[in-house]
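Visitor: One structure is given below, represented as structure tokens, and several questions about it will come after.
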Amino acid sequence: MDDMRKIYDIIGIGNAIVDVISHESDDFIERHGLIKDSMALVDEETATGLYNDMHPAIQTSGGSAANTMAGIASLGGSAAYIGKVRNDHLGDLFAHDIEASGVDYLVDPATIGLPTARSMVLVTPDGARTMSTFLGASSTLYPHDIDAENISTAEYLYCEGYIWDVEITKEAIRLAMSIAKEANKKVCFTLSDSFCVHRHRQEWLELVAGPVDILFANKDEICALSGYESFDKAINWIRGQVGIACLTEAENGSTIVTADETIKVEAFPVDKVVDSTGAGDLYAAGFLHGLIKGHDLETCGKIGSLVAAKVVAQTGARFQTSLSEIVSNVFNL
């Protein structure tokens, strides 16, 4: 091992996606036959058609875990990212953008196969976001893309549920989780979307019962995983299965669940929700940053809530200003 190898606070694994974000009307959503406020996978032809019909857009490196790692970096943490792009224009954009956000990008681009993934994020006037995602090159990670030395030295491994579709990719993620556990590091997992939960419920129940130490989910996702319609029953169900479960409810705040505690954290007020893209991703960034810094769970939750409130008040999931300054000003940490 190179003595100069960087040791990270956290490494994220996910779909390396270029987000193409535009503000559109409800009529636009209906005209394209989309389900408002959901994420749907589309083919390359559909993605191209949507892209051509959209208003002028912001293009930025995206993907759930990538957003979380960028948030960690903006908060002052040391983060790296594993996700596959193609060696094309959007792949170059992704790599440059995520490195510019302060996150080390650890994967070589693919030289053959599908183009770089892109997600058309359509934001309606009420702040809801409807996502049409072409996964392209991002859906296929290989075990050789996992650097064991990086994974084993990082304090946390963070994996998103969105990427859990292709068998070889699942193999790569399970390998990363096993490396982290063998090194006595913490494994974090986010359920990502209730549609993902329904597709992969049995496998994810096994992850929760096995390597996952910290689970992130919103109300709908944890209810889908637990099989209970009642949020209270879902909370009782997850208690003790993982070390920490962070369960979010948008404007109703979040609930942090351990074997011994249930901590309710209020949401920070937001004057106007501009774009809910990345709210859960940035909550996770804030919470994990708090853990990295050794804060108690309630403070971690409050940091997550603050960062989530800031991201929904802007367009897109990346910040132009330093999150560390925002957190310091509010909490005097």
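The values are calculated or read from the model by the stated rules, or taken from the named source; none is laboratory data. Because the structure is predicted, anything quoted here is derived from the model rather than measured. All Cβ positions, even for glycine, are placed from backbone atoms using ideal geometry, and neighbour counts span all protein chains on display.
Visitor: Testing residue 100 on (1) within 21 Å of the chain's Cα centre (by Cα); (2) in contact (Cβ under 8 Å) with a residue 12 or more places away in the chain, one condition comes back false. Which one is that?
Guide: Of everything listed in (1) within 21 Å of the chain's Cα centre (by Cα); (2) in contact (Cβ under 8 Å) with a residue 12 or more places away in the chain, residue 100 misses just condition (2).
Visitor: If you check residue 267 against the conditions, is it part of a helix (DSSP H, G or I), closer than 21 Å to residue 331 by Cα and in contact (Cβ under 8 Å) with a residue 40 or more places away in the chain? Lay out the reasoning, then the answer.
Guide: Numbers: part of a helix (DSSP H, G or I): no; closer than 21 Å to residue 331 by Cα: yes; in contact (Cβ under 8 Å) with a residue 40 or more places away in the chain: yes.
No.
Visitor: Can you name every residue in the range 96-126 that is outside any loop (DSSP other than H, G, I, E, B) and within 20 Å of residue 176 (Cβ to Cβ)? Steps first, please.
Guide: Keep residues of the range 96-126 that are outside any loop (DSSP other than H, G, I, E, B), which gives 96-100, 104-105, 110, 117-123.
The answer is 98, 104, 105, 110, 117.
Visitor: If we only count strands (runs of 3 or more DSSP E) wholly inside the range 134-253, which ones have 2 or more residues that are of a type outside the set (Ser, Thr, Tyr) and without any contact (Cβ under 8 Å) to a residue 40 or more places away in the chain?
Guide: Working: elements: 156-160, 186-190, 214-218, 244-248.
Result: 186-190, 214-218, 244-248.
Visitor: Can you pull out every residue in the range 249-280 that is of a type in the set (D, E, K, R) and touching a strand residue (DSSP E or B) at 6+ places or on another chain (Cβ under 8 Å)? If you could, list the steps in order and put the result at the bottom.
Guide: Initially, the range 249-280 is screened for residues of a type in the set (D, E, K, R), giving 249, 251, 260-261, 264, 266, 271-272, 275.
Hits for the range 249-280 are 249, 264, 275.
Visitor: Sort out which residues of the range 109-131 are surrounded by fewer than 24 Cβ atoms within 10 Å (Cβ to Cβ) and either small (Gly, Ala, Ser) or without any contact (Cβ under 8 Å) to a residue 12 or more places away in the chain (or both), and write them in order of number.
Guide: 110, 112, 113, 127, 128
Visitor: Let me ask you something else. Does residue 80 satisfy the criteria of being in contact with a Cys (Cβ under 8 Å, 6 or more places away or on another chain), at pLDDT 90 or above, within 22 Å of residue 207 (Cβ to Cβ) and not in a loop (DSSP other than H, G, I, E, B)? Before you say what the answer is, go through the steps one by one.
Guide: Values: in contact with a Cys (Cβ under 8 Å, 6 or more places away or on another chain): no; at pLDDT 90 or above: yes; within 22 Å of residue 207 (Cβ to Cβ): yes; not in a loop (DSSP other than H, G, I, E, B): yes.
No, not satisfied.
Visitor: Can you go through 305, 328 and tell me which one is at pLDDT 95 or above, among the small types (Gly, Ala, Ser) and either assigned to a helix (DSSP H, G or I) or under 17 Å from the mean Cα position of the chain (by Cα) (or both)? Reasoning before the result, please.
Guide: Details: 328 fails: at pLDDT 95 or above.
When all the criteria are applied, what remains is 305.
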